Amino acid sequence: MTVRVGYFPHNNSLFVLRHRGILERRLPGVEWVDLRTLPAKPPVDPKTALPTLHSDWLFEPGGYDFIGTGFTPPVTGLAHGRDLVYVGISGPRVENGRLVVKPESPIRSVADLRGRRVGIAHGSWQTTLLLFALERAGLSWSDIEPVDTSVHDGPSAFRSGDLDAWVGAYPALAAVEQEGPVRTLIETEGLFSHPSLWFTRRDFAENHRDELTEIVRSLQESDAWITANPREAARYFAEDAGTTSTADLDRWEHALRGRPFGLNPVTEEFLAEQHHAAELLAANGLLPRSVDPRSAVLPWLNDLLTPHAAR
């Protein structure tokens with residue numbers, strides 16, 4: 001059978017795997033689907049909704065059977081009735097980014113964001129980070145002006161002053177830091193674990209265990225290579241962006257060295273974070289309902305990722 005695997009640069013593991021040829025040796029019929037080439041979905045208002053494209057394409061013709069993203073998309077999919085299941089999670093990516101302002105900004109704490117324009121890649125982990133930070137400060141989503149910025153637009157909007165604050169992520173944040181200092185309002189560490197995660201449709205997991213097992217094994221092999229060869233892995237991302245300059249390679253290598261690679265079982269701590277995020281997103285009008293992500297766990301997948309299952 002043909003297995004369709006989605007990928008894009010923001011899930012570093014799948015992006016590198018796409019270039020390594022490892023999965024093709026295990027599943028000769030695999031097809032790779034670049035998310036950036038799929039038809040665009042209508043934009044959503046970041047004040048009132050979340051984009052659903054990552055989970056939508058698991059269930060729509062022309063999409064894929066397996067995908068990896070950041071923290072928020074599976075919660076979004078579950079809340080919209082998508083029958084998906086978690087495959088695995090990475091370790092905490094607390095060094096990947098944080099909420100920042102310019103050093104001269106009058107904003108001294110998250111509580112000062114009331115009425116301010118805050119840039120996020122909406123629908124990603126950045127939405128969850130900002131919402132968790134607002135909750136801690138006693139604010140809600142309606143207290144701020146969320147601005148949906150892409151990874152590429154965020155730095156320029158922050159530099160120009162179009163944003164009062166920005167949830168920056170590496171390597172884009174590194175490019176801004178090289179031009180001058182930024183001031184951190186809140187770190188990711190201590191707020192939430194921010195792992196990468198991978199998920200699929202329930203029917204695919206249940207009916208194609210062998211194929212899913214090969215995807216997991218291939219990711220594990222490829223992730224071990226990234227850990228051992230971060231400079232070489234950085235070239236895939238720099239070349240995809242159309243550059244191989246030393247500065248860009250340095251930024252990507254720095255980003256990859258700061259991220260945990262490898263697939264781990266879904267833990268109760270992670271599920272509690274996902275549940276809390278779902279409740280907050282729903283309470284703030286970004287999701288139609290809250291969901292309990294524990295319904296999206298298959299025990300055999302966790303068994304696959306425990307150390308005794310490695311081969």
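Helix content alone sets the calculated 222 nm mean residue ellipticity of the chain: runs of n ≥ 4 DSSP H residues at -39500 (n - 2.57) each, divided across all residues, give -11500 deg cm²/dmol.
If you take the Cα atoms of the chain, find Rg, then find the Kirkwood Rh from the mean of 1/r over all pairs, what is Rg/Rh?
0.95
Taking loop as defined by DSSP and a crowding limit of 12 other beta carbons within 10 Å, which trypsin sites (Lys or Arg not before Pro) in region 219-295 fit? Spell out each step's value before the answer.
Numbers: sites: Arg231, Arg235, Arg251, Arg257, Arg289, Arg294; in loops: Arg289.
Taking region 219-295 and a limit of 12 other Cβ atoms within 10 Å, the loop trypsin sites (Lys or Arg not before Pro) found are Arg289.
Annotation for region 205-311: GluC sites (Glu not before Pro) lying in DSSP loop with at most 11 further Cβ atoms inside 10 Å of their Cβ do not exist. Of the DSSP H helices in the chain, those with a Cα length along their own long axis of 20 Å or more and a mean Kyte-Doolittle hydropathy reaching -0.5 comprise 209-228, 268-283. Surface composition of the chain: carbon plus sulfur atoms hold 49% of the accessible area, using a 1.4 angstrom probe and ignoring ligands, DNA and RNA. For region 97-187, the extents of the C-alpha atoms along the principal axes are 33, 28, 21 Å, listed from largest to smallest.
Of all chymotrypsin sites (Phe, Trp or Tyr not before Pro) in region 1-65, which ones are in loop regions per DSSP and have a Cβ with at most 16 other Cβ atoms within 10 Å?
Numbers: sites: Tyr7, Phe15, Trp32, Trp57, Phe59, Tyr64; in loops: Trp57, Phe59, Tyr64.
Loop-located and lightly packed - Phe59.
Ligands, DNA and RNA are left out, and with a 1.4 angstrom probe the accessible area of region 148-301 is 42 Å² per residue. If you take the Cα centroid of region 78-129 and the Cα centroid of region 254-291, the two points sit 11 Å apart.
In plain terms, the chain from Arg289 to Arg257 could stretch by 7.8 nm, reckoned as 0.36 nm per residue minus the Cα-Cα distance.
The values are calculated or read from the model by the stated rules, or taken from the named source; none is laboratory data. These numbers were taken from a predicted model, which means no experiment stands behind them. Glycine gets a Cβ as well: all are built from the backbone with ideal geometry, and neighbour counts include every protein chain shown. Each accessible area value is taken on the protein alone, full model and side chains, heavy atoms only, with ligands, DNA and RNA left out. Shrake-Rupley method; radii C 1.70, N 1.55, O 1.52, S 1.80 Å.
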